[in-house]
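Notes to accompany the following structure.
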Amino acid sequence: MISIVSITFNNHSELINTIKSVERIPYIEHIVVNGGSSQETTGFLKTFSGKFISEKDHGISDAFNKGLSLASGLAVGFLNSGDVLIDQSYYSEALEIFQSKPDVGYVHADIEFIDSIAGSLTLKPKDTLPNMPFMHPTLIVRKEIIERIGGFDLQFKSAMDLDFAYRLIKSGANGHYIPRAVVRMDGRGISSSRPFLGISEKYKVVLKNKDFNFKTWLKLSFAFFRTTLRVILIKIGLQNVILTYRRKKYLYSK
């Protein structure tokens, strides 16, 4: 069995879409962590067949950790409210890999990313630290590894997944990559609405994990420049420049 943690905060309709995308998969333990006060969500969860926690939390990291505390599967994945599983075979394939290959510590794949400017993009894990080396909504990690490296650091409001990635890779765990898009992700999250929060937290993550490699700091500097340029272009109404760049960088589909 694979445990899937979905966190939500006052976005009931998005949560329903997420739940519907996995509700017919028999080997899934679905865990919902609700940190909001939406009456629709709290009412719905009373009829929810999976596990859930409905109470205030201290942010995304805290919500993730609450979900992890309820997980009893062989491995754990994270499908946030609004993320939709578009490949029904993905979790069964991942489970088979974990069962047949004990040396594999985590499985990951591509995502279909709904960008606020460029539309639908297929994102592949082409990068390395300090950028995300895998797509977090597709990441499924053996529970025993999570117990060894720890959950999510509450000091991070945006880059908690990057900090987790550092610890996962440092653990020496072997990954298995499946080269196709399996999850559709809405790209209008906290790192999108507050772009400089993500960059500033990246610096903190790198310092915490003592990554003093020159290439790391070069990448961070480029990321800061790119984010600043993106904000300026949007403010002056040149979104088409960003659109053209992203369509060339990623595999684009209408």
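Each reported figure results from applying straightforward, stated rules to the coordinates on display, with no laboratory input. Owing to the predicted nature of the structure, the values given are computational and were not obtained by experimental measurement. Cβ: placed from backbone, ideal geometry, glycine included. Neighbour counts: every protein chain shown.
What does the net charge come to around PHE225 if you take all other residues with beta carbon closer than 14 Å to its beta carbon, with K and R at +1 and D and E at -1?
For residues surrounding PHE225, the net value is +4.
Taking the Cα atoms only, what angle lies between the long axis of helix 239-249 and the longest principal axis of the chain, rounded to 10 degrees?
Here the helix axis deviates by roughly 70 degrees.
What is the spin-label model distance, in nm, from GLU93 to SER72 if the labels are put 7 Å beyond Cα along the C-beta direction?
2.9
Mean separation of Cα pairs under 8 Å and 6+ residues apart, divided by the residue count of the chain: what relative contact order is that in percent?
Taking the mean separation of contacting Cα pairs over the length of the chain, I get 21 percent.
If Lys and Arg each add +1 and Asp and Glu each add -1, what is the summed charge of the other residues whose beta carbon sits under 14 Å from the beta carbon of TYR27?
Surrounding charge for TYR27 is -3.
Does anyone have the angle between helix 160-170 and the longest principal axis of the chain? Alpha-carbon axes, 0 to 90°, nearest 10?
It works out to around 80 degrees.
Compute the angle between helix 60-70 and the longest alpha-carbon principal axis of the chain, please, reported from 0 to 90 degrees and rounded to the nearest 10.
On a 0 to 90 degree scale, this one is about 20.
Out of residues 5 or more away from SER171 or on other chains, whose amide H comes under 5 Å of its own, with H placed 1.01 Å from N in the peptide plane?
Close amide H contacts, sequence-distant or interchain: none at all.
Suppose R0 equals 30 Å; then what is the FRET efficiency for ASP211 and GLU147 from their Cβ-Cβ distance, rounded to the nearest 0.05?
0.80
Roughly what would the spin-label model give for LEU238 and SER38, points 7 Å off Cα along C-beta, in nm?
The answer from the label model is 3.8 nm.
Along Cα→Cβ, 7 Å out, is where each label goes; now give me the distance between the ones at HIS58 and PHE224 in nm to one decimal.
Result for the modelled spin labels: 2.8 nm.
Where does the chain land at 222 nm, in deg cm²/dmol rounded to the nearest 500, when only DSSP H runs of n ≥ 4 count, each adding -39500 (n - 2.57), divided by all residues?
After summing the helix terms and dividing by residue count, I get -13000 deg cm²/dmol.
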